[in-house]
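A short write-up of the structure that comes next.
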C-alpha cells in the first residue's frame, strides 16, 4: 500500500493533506491476479454494540433515508435485510461472524462449510475437511459473546464545546445518515433492553459516498460507490489504546477531519459546509465526535 497526497484548503486557509491509497501486489504465489478480480481494502470495524444493532426492528431501519441492501440469510434460507459489514452484506450477527471465520482465517462452520481455496491452491483443495472446524456450540458461544459486548459510555456530554459541536453536527446535515437514535426491539439475551432507545449514530443503510471512496466492487444491492453508514459510538476512543487511529473503510483517513473531507456523493454538501466552518466551530464538532 502506498499513498499519494491530495491537499485541500479549508475556508479559513488551513491546509489539510489527504492521502489517496494505491494498492499493488508483489511476489504473488499463484500467478497474476485475474483481470476480473475486484480488489477492495477493508479496515476492521469495532465489534461492540452489535447485539443492539441486530435487535433494531427492520421497520425502524427502513424508516431512514438510505438504501437497504437485501442479502441471503443461509440459516433462514431467505433474503433478509443486510445490516452488518461495510456494505451491509450480512443479515445477522451469527452469519457475519461465521463469514469472518471462513474468509479471514480459514475456519469453516455449518454456515460456511467449504474451505476458501482459490482454484490454483491444490494443496488447500486437497486438505478439505469432512466436518466444519467450528462446532455449532462454539459458533453460538462466540456469537453470544459479541452480541453482548457493551458500548463505551459517553464522556463529557455536558461540556459546552461538545453541546455546540452536536448542534453543528445536526446543522451540517450529518445526522441525516448518522441517525442519533434508534429503538431496540426484542433482545432475547438481554430482555431488560427491550424497547430502549440507543444512540449509535447510524441508520444501517447504504449511501452513495462518491467516486473518491468508490471501490469498484458491487455487493448485492450495494454499488461500487455505496457504503453502509458506520456507527459512531465509541469513535472518540479510537487509537487510545496505543494502536493508532485510522478511519473510513480502507483506513486512508488518519484524523476525523480527513475522514469528513473525504465524504462525497450524498454527503458532499455536508462536507463542503464543514470545510467552510470557522476553526472554533470545527473544533467544537470534533469535541462532540470525540465524546462519543
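Global dimensions of region 130-251 from alpha-carbon coordinates: Rg and Dmax equal 18.0, 61 Å. Extents of region 170-240, taken as max minus min of Cα coordinates on every principal axis and listed largest first, are 43, 29, 28 Å. The convex hull around the C-alpha trace of region 212-271, projected and averaged over every direction, spans 4.7 square nanometres. GNM on the chain, C-alpha springs below 10 Å: top fluctuator among 119, 278, 160? Result for the chain, Cα springs under 10 Å: 119 fluctuates most. With q set to 0.22, 0.31 Å⁻¹, the log10 of I(q)/I(0) for region 42-89, from the Debye formula over equal scatterers at the Cα positions, is -0.94, -1.27. Reducing region 81-144 and region 226-292 to their Cα centroids gives an inter-centroid distance of 32 Å.
Taking a ≥ b ≥ c as the square roots of the Cα gyration tensor eigenvalues, with a/c under 1.5 meaning rounded and otherwise prolate when a/b beats b/c, else oblate, which class fits region 91-154? Judged from the Cα gyration tensor, region 91-154 comes out prolate (a/c at least 1.5, a/b above b/c). I want to verify the translational diffusion coefficient of region 113-186 in µm²/s; compute it with Stokes-Einstein, Rh as the Kirkwood radius over Cα pairs, at 20 °C and 1.002 mPa s. Approximately 120 µm²/s, per Stokes-Einstein. Applying 1/(1 + (r/R0)^6) with R0 = 35 Å to the Cβ-Cβ distance of residue 212 and residue 240 gives a FRET efficiency near 0.80.
For the chain, the longest principal axis of the C-alpha atoms and the axis of helix 160-172 are separated by about 70°. Taken over the alpha carbons of region 1-122 as equal point scatterers, the Debye sum produces base-10 log I(q)/I(0) values at 0.12, 0.17, 0.21, 0.23 Å⁻¹ of -0.72, -1.08, -1.24, -1.34. With the helix formula -39500 (n - 2.57) applied to DSSP H stretches of n ≥ 4, the chain reaches a computed 222 nm mean residue ellipticity of -8000 deg cm²/dmol. Comparing 107, 17, 162 in a Gaussian network model of the chain (Cα springs below 10 Å), the most mobile by mean-square fluctuation is 17.
Evaluated at q = 0.12, 0.21, 0.24 Å⁻¹, a Debye calculation over the C-alpha positions of region 56-170 (equal weights, vacuum) places log10 I(q)/I(0) at -0.63, -1.19, -1.31.
In degrees between 0 and 90, to the nearest 10, how far off the longest principal axis of the chain does helix 136-147 point, with axes built from Cα atoms? Result, in degrees: 0. Convex hull of alpha carbon positions in region 185-292: directionally averaged projected area 9.1 nm². Within the chain, the ratio Rg/Rh, alpha carbon atoms throughout and Rh by Kirkwood, equals 0.98. Please say if region 1-71 is rounded, prolate or oblate, where rounded means a/c under 1.5 for a ≥ b ≥ c the square roots of the C-alpha gyration tensor eigenvalues, and otherwise the choice is prolate for a/b larger than b/c and oblate otherwise? Verdict is oblate for region 1-71.
When the chain is modelled as a GNM with alpha-carbon springs shorter than 10 Å, which of 64, 210, 34 fluctuates the most? For the chain, modelled as a Gaussian network with Cα springs under 10 Å, the answer is 34. The C-alpha atoms of the chain define a longest principal axis, and helix 279-291 lies at about 40 degrees to it.
A short reminder: the numbers here are calculations on the coordinates, not readings from a lab. None of these values were measured; they are calculated from a predicted model. Positions of Cβ are generated from backbone atoms using ideal geometry, with glycine treated the same way; all protein chains shown enter the neighbour counts.
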